[in-house]
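Note sheet for the following structure.
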Amino acid sequence: MNKKQLYDLSNILIMKTETAATLWNECLKMIGKTVSPENYKKWFAQTKGISVEGKMLTVQIPDTSFYTWIEANCASALREALNSVIGTDACLRYSLPKPSLSVVKEPLKKTESYAPFSSHLNAHYTFEQLVEGESNHAAISAGRTIASKPGKTAFNPIFIYGGVGLGKTHLVQAIGNKVVAENPQYRVLYIPSEKFIQQYVDSYHQDKRNDFINYYQNIDVLIIDDVQFFCGKTGSQEVFFHIFNHLHQNGKQLILTADRTPVDMRDIQDRLLSRFKWGLTVKLDTPDYEHRLRILKDKLVREDIKDIPDDVINYIAKTVDTNIRELEGVVNSLLAQSTIIHREITLDLAVDIVSQFIKTTKKELTLDYIKSVVCQSMGVESSLLESSSRKGEIVRARQIAMYFAKTLTQKYSLQNIGSQIAGRDHSTVIHSCKTVSNLIETDKKFRSMVDDIRVKILACA
Ligand code: ADP
Ligand code: MG
């Protein structure tokens, strides 16, 4: 590069920096109107625009806690400011200061060497966005305690379990985000267990198993989501067992979630299961009507949606009683529909949407359906269940069908189940359920057959 080119380049760079600084200052003026002076001073005064490329503005922040706070609290003000100063499609990139040479020359202190660690946390999942109620109070308050003293409480590990869409992922990420906000030097890692397993398998094939273990042993707060996927994955369980021990012995925090309790997990080594139970096991329950109502209202306020009538909100809270994800799903499709077809949001529209939504997301499990899947899986003619036959495989199929009818549905009485599945009375159902439960506990082969049938039944639900 000749001198002239060098001169032009440095001028462009200077110009870019100046432009970036000016553009960001314009944005800050707008943002300043939406946050309190204390928060502005704390979170924005030290930020600066450092470069702009097309519609991408890069802003330097002192550390990752700024990013977490800003994204969680000012996302919409920020978007509005960027749109108005730079134009629609503007985007923002955060940049951390490079460690200065003097820092690098000194022996590395923990904080400095850790700066650009990627936690894979979603900044929107914060405690502030979690609406508390009876169903989640215990889990949230344990989560807050851990977030303020990771690794230093008796809640290590914390094992949070509950059905889909009840807030497990949100809660554990809220813990992670709070830890990062308060201790930017901590290495916090969020990882779904399937991804952990995949990484482990890859590392094994690439002969990098030690690198994999080293990486995980250097984490301060390890969050593994949905650990039920470790079931049956012997190699991953083995490696996780060692990582778990190492982290626990070194006072690092472990945070685990699953869709069931440790006791209900199959095909997991006992020594790992017993560790899951070392700290605190806490459940996320289904929210009740009043809690669902508060969650809905909170969402609408956050999204700045004002024109949904009360009867519509009450109706949704009443009918969508499964989980919070479905509650959100119904609201989103209601809003989308009303925008697309320009229909006013009325109770009629809500009834339409809820019924479509429930129809498409959840097919009711009927007794006939359960019976047909069980018989098909076991190769038994389904009409034989009603016969008086005492042939081994027919007796088993009858018992298993009754067991699933009892455990996978709620609306049928024992009487209904007995008569519809096999023309028997309620005492046969009770006896069948006991027999199947006992066999599940004692007979591995039987258990895995029952597990397979359960998967088939639920796959079509
Ligand atoms: P899970 O991991 O248990 O399947 P998620 O954490 O993904 O559930 O939660 C599903 C959705 O419900 C997410 O969008 C989340 O933000 C929302 N959510 C969960 N719990 C709450 C709560 N207590 N208040 C408000 N929103 C919640
Ligand atoms: Mg989840």
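Points to keep in mind about this one:
- Residues within segment 145-177 that are surrounded by fewer than 22 Cβ atoms within 10 Å (Cβ to Cβ) and away from ligand 1 (no atom under 13 Å from the Cβ), tallied: 8
The rows are residues; the columns are (1) aliphatic (A, V, I, L, M); (2) within 19 Å of the chain's Cα centre (by Cα); (3) within 30 Å of Ile440 (Cβ to Cβ).
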position	(1), (2), (3)
Arg292	no, yes, no
Lys297	no, no, no
Asp311	no, no, no
Thr322	no, yes, yes
Gln337	no, no, no
Leu349	yes, no, no
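- Hey, Gly329 modelled with pLDDT under 95, within 13 Å of ligand 1 (Cβ to nearest atom) and out of contact with any His (no Cβ under 8 Å at 6 or more places or on another chain) or not: yes
- Residues in segment 401-408 include none that are surrounded by 15 or more Cβ atoms within 10 Å (Cβ to Cβ), in the same structural domain as Thr428 (by TED's automatic domain parsing) and of a type in the set (Val, Ile, Thr).
Yes/no matrix, rows are residues, columns are (1) under 14 Å from Ser119 (Cβ atoms); (2) at pLDDT below 95:
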position: Ile146; (1), (2): no, no
position: Phe155; (1), (2): no, no
position: Ile158; (1), (2): no, no
position: Tyr161; (1), (2): no, no
position: Glu194; (1), (2): no, yes
position: Ile223; (1), (2): yes, no
position: Gly232; (1), (2): no, yes
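- All conditions in (1) more than 29 Å from the chain's Cα centre (by Cα); (2) under 27 Å from Leu23 (Cβ atoms); (3) at pLDDT below 75 hold for Ala81, with the sole exception of (3).
- Counted residues, segment 426-461 - those being closer than 17 Å to Lys406 by Cβ, surrounded by fewer than 12 Cβ atoms within 10 Å (Cβ to Cβ) and at pLDDT 90 or above: 2
- Only a single item in (1) part of a loop (DSSP other than H, G, I, E, B); (2) without any contact (Cβ under 8 Å) to a residue 40 or more places away in the chain is not met by Pro184, and it is number (2).
- Residue satisfying condition, being under 30 Å from Lys297 (Cβ atoms), modelled with pLDDT under 85 and either more than 16 Å from ligand 1 (Cβ to nearest atom) or not in a loop (DSSP other than H, G, I, E, B) (or both), within set Tyr67, Tyr94: Tyr67
- Out of Ser432, Ser389, sole residue that is outside any helix (DSSP H, G or I) and of a type in the set (S, T, N, Q): Ser389
The values are calculated or read from the model by the stated rules, or taken from the named source; none is laboratory data. A quick note: this is a predicted structure, and the numbers were derived from the prediction, not measured. Backbone-built Cβ (ideal geometry, glycine too); neighbour counts: all protein chains shown.
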